[in-house]
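Take a look at the structure below.
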């Protein structure tokens, strides 16, 4: 730990250098997609309280973070309940809080369809992976995927899968943070990106998994408490009758349609349309494909998979997914009520709606304005601070998993062939954390003007098409070989990225090519790229007649015994 | 893990029982989840008017309890698996470990 002061000094210098260059960037470009609001000091001071609190936790965690195991998995001493909350904190992003409640405000039932997609992956994780991951792995999901295979190629694949998923997820979070801070705090875009980058580095660098876990737990509690209060206030105003809430929402939407010049019959139909499915699902293939990306992507997100190594055994791993599923499901019910609350309390109040009928600050402000409507200015500040804290918790988890992929999979296993000592590995993790933090800030600034809406679904599609097939086949299929896993995994990875680029949302909407020119007609690649991944693994495994393949297949029994019983598993806490 | 230990566990009938039971339950429940979710998605894709049917005289549609039902189902099905695994399967695992390591 003597190196820390050195590292701190280097960091401060780097950060200072970076601030200068970021300011230059910001000066050149000042038009954002979100309108900058008046500086909100209540929100800023509440956020400051959160930051100070989490920095104290980081200081406490830093004292406990001595070995690589502490850094990656908090020494394996997290309980199932705590880990469940942390997983929920990792998963409930600001995009799902602000985005889904806004989607419900606009489309009603359609918003519910969207949120359900994000929930249904959890049982799959529970039934097929959670306890097997705990029994086979130590620090990263590559430990599991490479258990009986030739280490170098599988680790290189897993690290690629991890870093690509983390990069797209991270860009989405950083750009989201920048847009959000303009809305919520009334500060410049680049300030937000630098604050997020700097704080996440501090959390991960000094506090490792312990600090990251507690930041996620605190954030999950704050977000769930805030959202519960909002949903309660909405229902309270309708005497706890959802029928009364729905009826009022339909009335408001009908009134808006009438004001827009619709005939009474048309207006009534449009008002009632929020109670059933609308335009969210256009063609069944896109719907199924998108559903698969969400369902199986959850089981391939490296920062989520990594959380299963922080608990001491399979029992706690199972408990953690059950808690996570419960909290996340509850949260989506809350966002649904919040969305309807926004229709009845925000769309009807001229304080929040401009002359054209849009929300002040942009579409994603639904939940924020509702916070003001039901809880006044102080609660508005609270929710704004929580929304920003949410992004911090998610990026810290992402960075940690990216850093582990580099230090544990690439450095310790591929380069040092498993002979790296804990201290050296820890140092590489920390250097990678700094590197990832800087890259995230740069990407956040570069992508400021881009439409990044597709990036989270791309991250899910890649996770579903590359990480998930390799993980599932290596754990459950005896005849899977190194060659099959690596070739199939890369095929899934490459095909999901390529198909996303030539799909309408990216090719036409983001890259600006003419409508109808996209080569791939569907909104999500998962149905096809997952098939390519699985078929690739299967085909190249059964065709594999090498000596290594015989060794891979021969190792299955021992792997299976350990994955089923946990006997011989590295008790992460028992080191 | 030592090879003889692996062989001893693999040949234990209790291990065979654990493996078969867990994998059967896991895949059946995963299948149930997929049927419920993709059934819901196909309903949305092919029969929008059904989900927008009013229940009774109010504005609440049949889609609302169905949507909420999918969320509740997701949580309940996870709870069923975790409950069984944490009692029955863990007991079996402990017995296997005890017999293998004695």
What's the average, rounded to a whole number, of partner chain beta-carbon atoms within 10 Å of each residue's beta-carbon in B:41-53?
-> 5
Kirkwood Rh, region B:55-102, all Cα pairs: how many Å?
-> 13.9 Å
Determine how many Å³ per residue the convex hull of the Cα atoms of region A:38-458 encloses.
-> 134 Å³
Proxy exposure order for A:122, A:477 (fewest C-beta within 10 Å first) is A:477, A:122
Which order do peptides A:192-204, A:464-476 fall in by mean Cβ count within 10 Å, highest first?
-> A:464-476, A:192-204
Using the count of nearby Cβ atoms within 10 Å as a rough guide to exposure, how do A:430, A:134 rank from fewest to most?
-> A:430, A:134
Which value results for Rg/Rh of region A:223-284 when Rg is the Cα radius of gyration and Rh the Kirkwood radius based on the inverse mean 1/r?
-> 1.11
Sorted by mean Cβ packing within 10 Å, highest first, what order do the peptides A:309-315, A:207-213 take?
-> A:207-213, A:309-315
Residue span residue A:446 to residue A:52: 0.36 nm per residue of separation minus Cα-Cα distance leaves a gain in nm of 138.9 nm
Calculated Rg and Dmax of region B:3-101 using C-alpha coordinates, Å = 21.0, 70
Using Cα pairs closer than 8 Å and at least 6 residues apart in sequence, work out the relative contact order for chain B, in percent.
-> 40 percent
For B:7-18, A:492-503, ranked highest to lowest by mean beta-carbon neighbours within 10 Å, the order is A:492-503, B:7-18
In peptide A:104-112, how many Cβ atoms from other protein chains are near each Cβ within 10 Å, on average?
-> 2
Kirkwood hydrodynamic radius (C-alpha pairs) into Stokes-Einstein, region A:158-230, 25 °C and 0.890 mPa s, D in µm²/s = 175 µm²/s
Any idea what the alpha-carbon Rg over 2.2 N^0.38 Å comes to for region A:470-575?
-> 1.47
So how far apart, in nm, are the two label points at residue B:91 and residue B:31 if each is 7 Å from Cα heading toward Cβ?
-> 2.7 nm
For A:233, A:92, what ranking results if the residue with the fewest other Cβ atoms within 10 Å of its Cβ goes first?
-> A:233, A:92
Whether region A:31-165 is rounded, prolate or oblate, judged on the alpha carbon gyration tensor where a/c under 1.5 counts as rounded = oblate
Under a point spin-label approximation (7 Å from Cα along Cα-to-Cβ), what is the residue A:356-residue B:98 distance to one decimal in nm?
-> 7.2 nm
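All of the numbers you see were taken from the coordinates with simple rules; none came from a lab. These numbers were taken from a predicted model, which means no experiment stands behind them. Reconstructed Cβ throughout: ideal geometry from the backbone, glycine too, with neighbour counts over all protein chains shown.
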